[in-house]
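Novice: Got a structure for you, written out below as structure tokens; questions coming shortly.
The values are calculated or read from the model by the stated rules, or taken from the named source; none is laboratory data. Model, not experiment: these values are computed from the prediction. Positions of Cβ are generated from backbone atoms using ideal geometry, with glycine treated the same way; all protein chains shown enter the neighbour counts. Quick note on the areas: whole protein, heavy atoms, side chains included, nothing else; ligands and nucleic acids left out. Shrake-Rupley method; radii C 1.70, N 1.55, O 1.52, S 1.80 Å.
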Amino acid sequence: MNIFRRIFKIGQAEAHSAIDQLEDPIKMTEQGIRDMKEDLEKSLRALAEVKAMAIRSRNDAEAYRVKSDDYEHKAILLLQRAHKGDLETSEADRLAGEALVKKEENLKLAEQATADKEKFERSVQQLDQNIKTLRSTLSKWENELKTLKSRVMVSKATQTINKQLAQIDSSGTVALLERMKEKVAVEEALAESYGEIANESRTIDQEIEKALEKSQSRSTSDNVAALKAKLGLTEASE
């Protein structure tokens with residue numbers, strides 16, 4: 001069948017240098033599957049037609065046998081009528097002979113129809129086997145196509161990732177990271193330095209404020225003591 005030649009061509013295409021471009025085998029496989037589906041439809045129509053011819057031949061054979069038996073029966077009736085005197089013997093013999101000729105003609109036609117039926121039935125068996133093989137092959141190639149498409153997707157994704165990884169300059173990246181680490185270290189040291197300066201500034205201010213608070217406290221205490229002495233309240237309060 002043409003379909004098997006196409007399958008063989010698809011197999012050849014896989015070994016062809018075009019395999020480097022994965023889209024080509026996919027398109028070829030898809031086309032092959034479409035062709036197989038068309039062949040399957042044609043085979044199914046042919047199977048239906050041959051089955052119909054086998055059925056018709058079987059019916060024809062049965063009809064010819066019935067007619068053959070009918071002519072034989074008519075020949076018997078003619079001879080019986082002649083024997084009873086209802087019909088002249090010569091006329092009965094002539095008509096009975098014609099009936100027997102018709103009987104043989106229909107018998108041969110029945111045999112021919114039976115032979116045709118058997119031939120068509122063999123063709124039906126062969127077509128049915130071819131259709132089963134075609135369906136099995138079609139299912140196989142549809143599964144192969146799904147697998148091939150999945151492999152193409154994975155291959156493309158892997159290729160993209162590998163290209164991206166291959167384009168990365170490892171030495172440049174390491175140098176960049178080292179510069180970033182150095183810059184961060186400098187920034188951290190600078191931040192710590194500003195923090196220490198800020199703490200030192202706050203400490204001096206606090207010392208000044210505390211010193212002033214102590215002086216003010218002493219001055220107030222002395223003034224209160226002087227006032228008490230003036231009023232003579234020191235001893236009394238004691």
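Novice: For every other residue with a beta carbon closer than 12 angstrom to the beta carbon of Lys42, add +1 if it is Lys or Arg and -1 if Asp or Glu, then tell me the sum.
Specialist: Values: positive: Lys37, Arg45; negative: Asp35, Glu38, Asp39, Glu41, Glu49.
For residues surrounding Lys42, the net value is -3.
Novice: Sticking with this structure for a sec: Leu87's amide H: which non-local residues (gap 5+, or another chain) put their own amide H closer than 5 Å, with H modeled 1.01 Å from N in plane and none for Pro or chain starts?
Specialist: HN-HN under 5 Å from Leu87: Ala82.
Novice: Once the other residues with Cβ under 12 Å from the Cβ of Gln129 are scored (Lys, Arg +1; Asp, Glu -1), what is the net sum? Working shown, then result.
Specialist: Working: positive: Arg122, Lys132, Arg135; negative: Asp128.
Around Gln129, the surrounding residues sum to +2.
Novice: If we count every other residue with Cβ under 14 angstrom of Arg81's Cβ, Lys/Arg +1 and Asp/Glu -1, where does the sum land? Each step should come with its number before you reach the end.
Specialist: Values: positive: Lys74, Lys84, Arg94; negative: Asp86, Glu88, Glu91, Asp93.
Every neighbour counted, the sum reads -1.
Novice: Here's something else I'd like to know. What does the extension gain come out to for Arg151 and Gln31, with contour length at 0.36 nm per residue minus their alpha carbon separation? Can you show the working numbers first?
Specialist: Numbers: separation 120, 0.36 × 120 = 43.20 nm, distance 1.89 nm.
Stretched fully, the Arg151-Gln31 segment lengthens by 41.3 nm.
Novice: In region 36-126, which GluC sites (Glu not before Pro) are in a loop and have at most 12 other Cβ atoms within 10 Å, using DSSP for the loop call? Before the final figure, lay out each step's value.
Specialist: Values: sites: Glu38, Glu41, Glu49, Glu62, Glu72, Glu88, Glu91, Glu98, Glu104, Glu105, Glu111, Glu118, Glu121; in loops: Glu88.
Passing sites in region 36-126 are Glu88.
Novice: Something else about it: Determine, from the Cβ-Cβ distance of Lys132 and Glu104 and an R0 of 41 Å, the FRET efficiency 1/(1 + (r/R0)^6), rounded to the nearest 0.05.
Specialist: On the way: r = 42 Å, r/R0 = 1.03.
With a Förster radius of 41 Å, E is 0.45.
Novice: Just the number please: accessible area per residue for region 46-93, 1.4 Å probe, all protein chains included, in Å².
Specialist: Working: 3510 Å² over 48 residues.
In whole numbers, region 46-93 has 73 Å² accessible per residue.
Novice: Okay, moving on. Summarise the accessible area of region 58-116 (1.4 Å probe, protein heavy atoms) by the percent that is carbon and sulfur. Display every interim value, and only then the final one.
Specialist: Values: 2100 of 4170 Å².
Roughly 50 percent of what the probe reaches on region 58-116 is carbon or sulfur.
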